[in-house]
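Peer 1: Mind looking over this structure? Questions follow.
The values are calculated or read from the model by the stated rules, or taken from the named source; none is laboratory data. Source: prediction; values computed, not measured. Here Cβ is always computed from backbone atoms with ideal geometry, including for glycine, and neighbour counts include all displayed protein chains. Ligands, DNA and RNA are stripped out before the accessible areas are found, and what is left, the full protein with its side chains, is counted by its heavy atoms. Shrake-Rupley method; radii C 1.70, N 1.55, O 1.52, S 1.80 Å.
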Amino acid sequence: MPSVSASRRHTLMLMGFALSAPIVLTLSGCTVREALDTRDMKDARDETAAALPIVNGLRREKGLGSLRQDPAATVAAIEQARRMASAGKMSHLIGFNDDFGARMKRSRVQLPAAENIATGQDTVQRAVQAWIDSRKHLENMLGGYNGLGVAVAISPASDNRPFWAMVLSA
């Protein structure tokens, strides 16, 4: 007997044939999200404590106030790093109907928020330096934010490549 979840998915797909195309795409988006569920990945870690002094030093040099570690931004950064590692690609948006604002709200990040991502750097110092060397990422780090969360997840499917995410919050 199929599981309840499989039965519901089957029913939804059958109902989708009678519905308009946008609804079918939405249902497909749900399926993609299920395939990228990363709750069981154990290869992600919080790197906020190591990144914070680097980012705050940069902000101090520019006459800006310090950021604080934000637990909600950290959760969002861990989620994004895991999603990228699971997908094996660096992207802010993964799967159909992915939405930055919805991800931030789900993690209870205070808005406005920004996200920096990177891949391939073997240390938090190198990841932060890559963001410093990028005009848009640097603008995010020097923006009017108060909170910070930084995480890395290792992708076994991509030769143990590290995927980095930084979330800045209000």
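Peer 1: Look through the stretch 35-65, keep the residues that are small (G, A, S) and at pLDDT below 95, and return whichever of them is farthest from V128 (Cα to Cα).
Peer 2: That would be A35.
Peer 1: Quick check on the stretch 47-79: of everything there that is small (G, A, S) and either assigned to a loop (DSSP other than H, G, I, E, B) or in contact with a Ser or Thr (Cβ under 7 Å, 6 or more places away or on another chain) (or both), which residue is nearest to L168 (Cα to Cα)? Give the derivation first.
Peer 2: Residues of the stretch 47-79 that are small (G, A, S), as a first pass: 49-51, 57, 63, 65-66, 72-73, 76-77.
The next check asks that each one be either assigned to a loop (DSSP other than H, G, I, E, B) or in contact with a Ser or Thr (Cβ under 7 Å, 6 or more places away or on another chain) (or both); those that pass are 63, 65-66, 72-73, 76.
Numbers: G63: 18, G65: 14, S66: 12, A72: 10, A73: 7, A76: 10 Å.
Taking the candidates together, the pick is A73.
Peer 1: Give me the pairs, please: first residue somewhere in the stretch 47-59 and in contact (Cβ under 8 Å) with a residue 12 or more places away in the chain and of a type in the set (G, A, S), second residue anywhere and open to solvent by 30 Å² or more (accessible area, probe 1.4 Å) and assigned to a helix (DSSP H, G or I), beta-carbon distance under 9 Å, and either six or more positions apart or on two chains.
Peer 2: Close Cβ pairs satisfying both conditions: A50/Q125; A51/Q125.
Peer 1: Can you tell me how many residues within the stretch 134-170 are assigned to a loop (DSSP other than H, G, I, E, B) and within 21 Å of R68 (Cα to Cα)? Can you show your working first?
Peer 2: Filtering the stretch 134-170 for residues assigned to a loop (DSSP other than H, G, I, E, B) gives 134, 142-146, 159-160, 170.
Filter once more, keeping what is within 21 Å of R68 (Cα to Cα): 142-146, 170.
Total meeting the criteria: 6.
Peer 1: Also, quick follow-up: How many of the residues making up the stretch 81-126 are touching a residue at least 40 places away in the same chain (Cβ under 8 Å), buried (at least 18 other Cβ atoms within 10 Å of the Cβ) and in a helix (DSSP H, G or I)?
Peer 2: 9
Peer 1: For the structure I just gave you, tell me whether W131 is assigned to a strand (DSSP E or B), at pLDDT 95 or above and open to solvent by less than 80 Å² (accessible area, probe 1.4 Å).
Peer 2: On the way: assigned to a strand (DSSP E or B): no; at pLDDT 95 or above: yes; open to solvent by less than 80 Å² (accessible area, probe 1.4 Å): yes.
Taking the combined requirement at face value, the residue does not satisfy it.
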